[in-house]
Amino acid sequence: MAYTTSEYLTKGEGIVEAKTILVADYANVAEGGKPNVMGIFRDIYSPAFPARQPEMFLVVVLQASAAEKGQKRNVTIKLMNADASQMLIDYSQIFEVPDAPPGRKPEINIILRMRDLVFEKPGPYSFSVLVDNDEKATYPIELVDVKPSGG
């Protein structure tokens, strides 16, 4: 299930930039479009694989040019393992670039809530954020195999 602010949506035609990308234990969007984030991380530890991650949030803030106001853009978010043999997330949504306050660039806040993801094996995984099929940002995470110590 994805949560997005509809007041400050944005994308750009070659101009769109990823201003922020991170993974956290929890995130939401406060009044006025301000992202709230708790527990930023890059590593997930598991004593066994496949490993199940009960919940995590991807936070992406994109920024566009004011000249792009009213244009529609397609944002795609993918999560896959290093050799792209396992696709865990493939999410897309179309947004229209909004107006922005004078002197500021429009922004789009995307908060993607992910539940019960299953990672087949330890190792590197990566989120990719694409705007109109052009990759704008990546965020690597590492699944770490943690064997319990013998006693």
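The values are calculated or read from the model by the stated rules, or taken from the named source; none is laboratory data. For clarity, every value in this text was computed on a predicted model and none was experimentally measured. We place every Cβ from the backbone using ideal geometry, glycine too, and count neighbours over all the protein chains shown.
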Worksheet, complete the sentence: When every residue in the range 22-39 that is outside any strand (DSSP E or B) and in contact with a strand residue (DSSP E or B) (Cβ under 9 Å, 6 or more places away or on another chain) is compared, the one surrounded by the fewest Cβ atoms within 10 Å (Cβ to Cβ) is Ala30
Worksheet item: Quick one: is Ala48 farther than 19 Å from Val23 by Cβ, touching a strand residue (DSSP E or B) at 6+ places or on another chain (Cβ under 9 Å) and either aromatic (Phe, Trp, Tyr) or not in a strand (DSSP E or B) (or both)?
Response: yes
Fill in: Boolean, Ala67 is surrounded by fewer than 17 Cβ atoms within 10 Å (Cβ to Cβ), modelled with pLDDT under 95, out of contact with any Leu (no Cβ under 7 Å at 6 or more places or on another chain) and not in a loop (DSSP other than H, G, I, E, B)
yes
Discussion item. For the range 127-150, check the following and say yes or no: at least one residue is closer than 26 Å to Val29 by Cα, touching a Phe, Trp or Tyr at 6+ places or on another chain (Cβ under 8 Å), of a type in the set (Ser, Thr, Tyr) and surrounded by fewer than 15 Cβ atoms within 10 Å (Cβ to Cβ).
Written reply: yes
Worksheet entry | Residues of the range 70-90 satisfying the condition of being surrounded by fewer than 15 Cβ atoms within 10 Å (Cβ to Cβ) and either at pLDDT 95 or above or in a strand (DSSP E or B) (or both) | Lys72, Asn74, Met87, Asp90
Response to the item:
Those residues of the range 102-150 that are in a strand (DSSP E or B) and without any contact (Cβ under 8 Å) to a residue 40 or more places away in the chain come to a total of 1
